[in-house]
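J.: One structure follows; several queries about it will come next.
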Amino acid sequence: MKNYGLFDVIGPIMIGPSSSHTAGACRLGRISKIIYARDIKKVIFHLHGSFKNTYQGHGTDRALVGGILGYDTDDERIRDALNIAKGRGIDFSFVPMDLLYAHPNTVKTEFIDQNGESFYVIGSSIGGGAIEITNINGVEVKFGGLYNTIILKYNDRYGMIAQVSTILAENKINIGSLIMNREDGVASAIMEIDGGIDEMAIYRISKLPDMLECMILKPL
């Protein structure tokens, strides 16, 4: 029988010095994998602040890997997440780094595909198990995974947000918050919405002219 320390994941909750290092880390891994939306071949966890100093002793390493495996924060398999990931052929590593002005509990989760292409998500565990995603592959964002969130990428042209808003209004969906970025003719938008959204509405949005990507993230 294996022996587990005080900071191991036990039973229906994560035991540790703070939920920031366990539950929050698991949610960061999980939402990063959802955003990546592809099979994982290799992942590098770049750890900032207290994450880089205490990730092994506090179980942050297992929590992050458990998250990319899709586990909820109360999943007992997180105990063996490192071994499970290795058994699935997932190459993972933990690398210390410093990010300017970042929250102390921040991780840059970098996915690398079989062609060597990199995709990353930066997020912070801000306390009490809550998280905040701040960057998706170079695009600054800000959302916490508490609400249904629509992530859009589209050719930057007049009226795109108006068309999306019209579809949402027709489905009686209210936009709670909206963050936009524009660079080199391509724009992105992060919309937190009140309530749910059906597949047909997402389909209509995805088929708008000049829409490049459309993703819906459900609350964790």
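J.: Please give the number of the condition residue 32 fails out of (1) at pLDDT below 90; (2) among the polar types (S, T, N, Q); (3) within 16 Å of the chain's Cα centre (by Cα).
T.: (1)
J.: Name the strands (runs of 3 or more DSSP E) wholly within region 127-201 that hold at least 3 residues that are open to solvent by 40 Å² or more (accessible area, probe 1.4 Å)?
T.: By residue number, 139-143, 174-183.
J.: Of all residues in region 83-102, which are among the aliphatic types (A, V, I, L, M) and buried (at least 16 other Cβ atoms within 10 Å of the Cβ)?
T.: Across region 83-102, the qualifying residues are 84, 85, 90, 97, 99, 102.
J.: Determine which member of the set 173, 131 is at pLDDT below 95, farther than 20 Å from residue 68 by Cα, among the β-branched types (Val, Ile, Thr) and out of contact with any Phe, Trp or Tyr (no Cβ under 9 Å at 6 or more places or on another chain).
T.: 173
J.: Here is a follow-up. Which pairs do you get when a residue that is farther than 16 Å from residue 28 by Cβ, found in region 69-82, comes within reach of a residue that is among the acidic types (Asp, Glu) and open to solvent by less than 40 Å² (accessible area, probe 1.4 Å), reach meaning Cβ atoms under 7 angstrom, with the pair 6+ apart or on two chains?
T.: 79/8; 82/61
J.: Which condition number does residue 143 fail, the rest of (1) under 21 Å from residue 110 (Cβ atoms); (2) without any contact (Cβ under 8 Å) to a residue 24 or more places away in the chain being met?
T.: Result: residue 143 fails condition (2) only.
J.: Further question: Which condition breaks for residue 56 when tested against (1) surrounded by 13 or more Cβ atoms within 10 Å (Cβ to Cβ); (2) free of Cβ contacts under 8 Å to residues at least 60 places away in the same chain?
T.: (1)
J.: Looking only at region 202-220, how many residues end up being of a type in the set (A, V, I, L, M) and part of a loop (DSSP other than H, G, I, E, B)?
T.: Total meeting the criteria: 2.
J.: Out of all the residues in region 21-44, which are part of a helix (DSSP H, G or I) and of a type in the set (Ser, Thr, Tyr)?
T.: 32, 36
J.: Please indicate, with yes or no, whether at least one residue in region 113-124 is open to solvent by 20 Å² or more (accessible area, probe 1.4 Å) and among the hydrophobic types (A, V, I, L, M, F, W, C).
T.: Yes, region 113-124 contains a residue that is open to solvent by 20 Å² or more (accessible area, probe 1.4 Å) and among the hydrophobic types (A, V, I, L, M, F, W, C).
J.: What are the residues in region 63-82 that are within 22 Å of residue 134 (Cα to Cα) and open to solvent by 30 Å² or more (accessible area, probe 1.4 Å), if any?
T.: 70, 72, 73
J.: A follow-up question, please. Listed residues 148, 137; which is on the phi > 0 side of the Ramachandran plot and either touching a Cys at 6+ places or on another chain (Cβ under 7 Å) or of a type in the set (S, T, N, Q) (or both)?
T.: 137
The values are calculated or read from the model by the stated rules, or taken from the named source; none is laboratory data. What you are looking at is a predicted structure, and each value in this text was computed from that prediction instead of being measured. Heads up, the Cβs are rebuilt from the backbone with ideal geometry, glycines too, and the neighbour counts pull from every protein chain shown. These accessible areas exclude ligands, DNA and RNA; they are computed on the full protein's heavy atoms, side chains included. Shrake-Rupley method; radii C 1.70, N 1.55, O 1.52, S 1.80 Å.
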